[in-house]
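Here is the structure we will look at.
The values are calculated or read from the model by the stated rules, or taken from the named source; none is laboratory data. These numbers come from a predicted model, not from an experiment. Note: ideal-geometry Cβ built from the backbone for every residue, glycine included; neighbour counts use all protein chains shown.
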Amino acid sequence: MKTDMGGRIESLYYSSPVWLQNMLVSALGYRLYMKRYTGRYHQIRALLSEARHWTASQRLAYQNERLYEMVRFCKQNVPYYQKLFAEHGLRDQDITHIDDLHKIPVLDKDTLRKDQGNFRAVGSKPYILQNTSGSTGTPLTLAVDETTYKMAMALVVDHEEFHGVPFGARRATFAGRMVQRSDDLSPPFWRFNRAENQRLYSSYHLNRATFPFYQKDLDSFAPLELIGYPSAISDIAGYYELTETRPQFRPKAIITNSETLLSWQRERIENVFQCPVRDYYGTAEYVVFAGQDGEGLYRVNPTLGITEVLTDERNKLQGDIIATSLTNYCMPLLRYRVGDSATLISESEGNVQTRFAGINGRLDDYIETPDGRRIGRIDHIFKGLTGIKEAQVIQETNEYCRILIVKESAESSLNEHVLQENFHARIGPEMKLFIEYTGQIPRAANGKFKSVVRAAKA
């Protein structure tokens, strides 16, 4: 549920004229800039540049040393791991090499969610609290220390600069930000963050009628980079194709994240903008980061964590991603099953990986509104709600959706009013929403959970 303060700030923002909204966005931008890109950020950024040139032995030595330090810290300071290590008879010296990781049981999201408090290091003070609903709609609060948070920010900058986009260059962002109310279809559909030279475009207002406004502003702004959800950037590219027009600018790169980048999306985007698409994969828990290189392979960063892929005899080229944090001493996660899977380049003898051929398991569908807007990544609607074990949005027709909800327990109560408000804030007031409760949400044939199912035909 939104706090009173948060509600007042949001109300002030939406009731303000656009020029003041731009000032408010920039004020928040400067605040975030100071939190993200100052102090130890510069040392972290230098480490990441150095790590790109490490040999295999340097990488291994770094990770072995950090792993031993993290395991020892967990045994001394984290209640969950103190109990776990005691139950399994594990000592500090039992885990001194990445090949020893298998001795630690895999940690599932459900265990973390149910026992969040015992994963916090005793006496630790988080730099930020990361609230996430995850792909299942299950709420989770993660305590993150300063080094981990700033490394996560630096990793994105490192990825951008590696592909030719300097820090501070003009950037057009297409993500999940609500720059204006969903039912406000009057331009401009963007706001400007002066702190990062960033134009924030709404992904919720794009349709055939509004595209010319986006097109004109993009041509005027001429961003060196487009970054955001592949579905949103692909939609923009699709309207260029539909109108048989071309951008009057050429970015250095398109950076995508947060959704699975589909091959047809890449082809469409690269064809329209005449530049490469370079996806990156990260998690809300800040335990793994992998960015595509010039060959399209995902190179796993070695400083944030250790990444394993657990395959089996039936499929030796694909498996679940298991990540171990090497930095977050506030809430360490060891051998954490992140909920996604990866495809390997070739069959591997060990679990620890340095490169992926592809990332799987994040293939979200989208909701299409009656006026033709396509809305992806709507897991935001579950933030701030409690009592939900998991949830799935199903679009039956272009006029209404159902949300299937599995309660945390029979006694759990859900604030349906807040859920309705969150949904209509993202989708718009025209779409009807029906909330249904169920004991279980069926999985797809591959065992994966889909947060959005679109049964309606375009």
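Quick notes on this one:
- Meets criteria (farther than 18 Å from Arg170 by Cβ and either among the aromatic types (Phe, Trp, Tyr) or in a loop (DSSP other than H, G, I, E, B) (or both)) for Gly238: no
- Contacts under 8 angstrom Cβ, first residue in the range 70-94 being at pLDDT 95 or above, partner surrounded by fewer than 15 Cβ atoms within 10 Å (Cβ to Cβ) and hydrophobic (A, V, I, L, M, F, W, C), 6 or more apart: Asn77/Val122; Val78/Val122; Pro79/Val122
- For the range 181-198, the set of residues classified as of a type in the set (Lys, Arg), at pLDDT 95 or above and surrounded by fewer than 22 Cβ atoms within 10 Å (Cβ to Cβ) consists of Arg194 only.
- Applying a threshold of 6 Å to beta carbon distances and a minimum spacing of six or more residues, or different chains, the list of pairs starting in the range 294-318 at a residue that is more than 19 Å from Thr148 (Cα to Cα) and ending at one that is part of a strand (DSSP E or B) and acidic (Asp, Glu) reads Leu310/Asp320.
- Residue within the range 144-158 that is surrounded by fewer than 17 Cβ atoms within 10 Å (Cβ to Cβ) and outside the structural domain of Ala51 (by the TED database) present: no
- Of all residues in the range 319-340, those satisfying the criterion of being in contact (Cβ under 8 Å) with a residue 60 or more places away in the chain and either among the basic types (Lys, Arg) or within 21 Å of Ala56 (Cα to Cα) (or both) are Ile322, Thr324, Ser325, Leu326, Thr327, Arg335, Arg337.
- A search for C-beta distances below 8 Å between a residue of the range 222-250 that is at pLDDT below 90 and any residue that is buried (at least 21 other Cβ atoms within 10 Å of the Cβ) and of a type in the set (A, V, I, L, M), counting only pairs 6+ apart in sequence or on different chains, returns Pro230/Leu261; Pro230/Ile269; Pro230/Val277; Ala232/Leu206; Ser234/Ile269; Asp235/Leu206.
- Single residue of the range 254-272 satisfying the filter (hydroxyl-bearing (Ser, Thr, Tyr) and buried (at least 18 other Cβ atoms within 10 Å of the Cβ)) that is farthest from Gly339 (Cα to Cα): Thr256
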